[in-house]
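Comments concern the structure below.
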Amino acid sequence: MGRQIVRRNILEGHDKLFADYFSDNPVYNDDTFRRRFRMTKGLFLRIMYVVTDHDVYFTQWPNAANQLRCNPLQKVTAALRMLATACSADSLDSDLRMTKSTIIESLLHFVRSVLDIFRPYYLRRPNDDDISRLLAKAEERGFFGMLGSIDCMHWI
């Protein structure tokens, strides 16, 4: 029986993604980007560059047939779209022209990279200075007792 080969035209997927969001005159504006990715384009690009520098998986390589595979922009987009919108890998295939297995592998490498890179500062337990800063910012915005409300402690 064997596997079914689908000619996805991976480079077309990159070209479409680039034209839609990252070109000088993108199809979708910054507001649409922020809604779809849950972050600004600048933050997305900073994360992409840091993750790409950290993990060689995100480098674009040719396959055994000497055809270029998915590039970092496609791989990071796949991971962030799954995380931001809780969509399935299958739902990204038509936009990004990536296989389900590549999308899931990209997500795994992305999550590992983010943990390796950002855990020491952003993914640690808050210290006293962090808590003071968060509470002050919350009060400034009218959210008194913000940290206590996370687990409903202020109701007890």
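The values are calculated or read from the model by the stated rules, or taken from the named source; none is laboratory data. On a predicted model such as this, the values are computed, not experimentally measured, just so you know. We place every Cβ from the backbone using ideal geometry, glycine too, and count neighbours over all the protein chains shown.
List of remarks:
- When 146, 98 are screened for being in contact with a helix residue (DSSP H, G or I) (Cβ under 9 Å, 6 or more places away or on another chain) and at pLDDT 85 or above, only 98 passes.
- Qualifying residue in the range 56-63 (condition: surrounded by 10 or more Cβ atoms within 10 Å (Cβ to Cβ) and in a helix (DSSP H, G or I)): yes
- Any hit, the range 71-89, residues being touching a strand residue (DSSP E or B) at 6+ places or on another chain (Cβ under 8 Å), free of Cβ contacts under 8 Å to residues at least 40 places away in the same chain and assigned by TED's automatic domain parsing to the domain that holds residue 114: no
- Residue list for the range 63-84, filter: among the polar types (S, T, N, Q) and over 20 Å from residue 18 (Cβ atoms): 63, 66
- Subset of the range 27-55 that is among the polar types (S, T, N, Q) and assigned to a helix (DSSP H, G or I) - its residue that is nearest to residue 87 (Cα to Cα): 32
- Single unsatisfied condition, residue 5 versus (1) surrounded by 11 or more Cβ atoms within 10 Å (Cβ to Cβ); (2) under 24 Å from residue 60 (Cα atoms): (1)
- Some residue of the range 101-121 being modelled with pLDDT under 90 and part of a loop (DSSP other than H, G, I, E, B): no
- Selected residue (criterion: farthest from residue 98 (Cα to Cα)) from residues of the range 51-66 that are touching a helix residue (DSSP H, G or I) at 6+ places or on another chain (Cβ under 6 Å) and not hydroxyl-bearing (Ser, Thr, Tyr): 54
- Residues that are aliphatic (A, V, I, L, M), more than 17 Å from residue 63 (Cα to Cα) and surrounded by 15 or more Cβ atoms within 10 Å (Cβ to Cβ) within the range 8-32 comprise just one, 17.
- Where a residue in the range 56-68 is free of Cβ contacts under 8 Å to residues at least 12 places away in the same chain and its partner, wherever it lies, is not in a helix (DSSP H, G or I) and not β-branched (Val, Ile, Thr), with Cβ under 9 Å and at least six apart: 61/68; 61/69; 62/68; 62/69; 63/69
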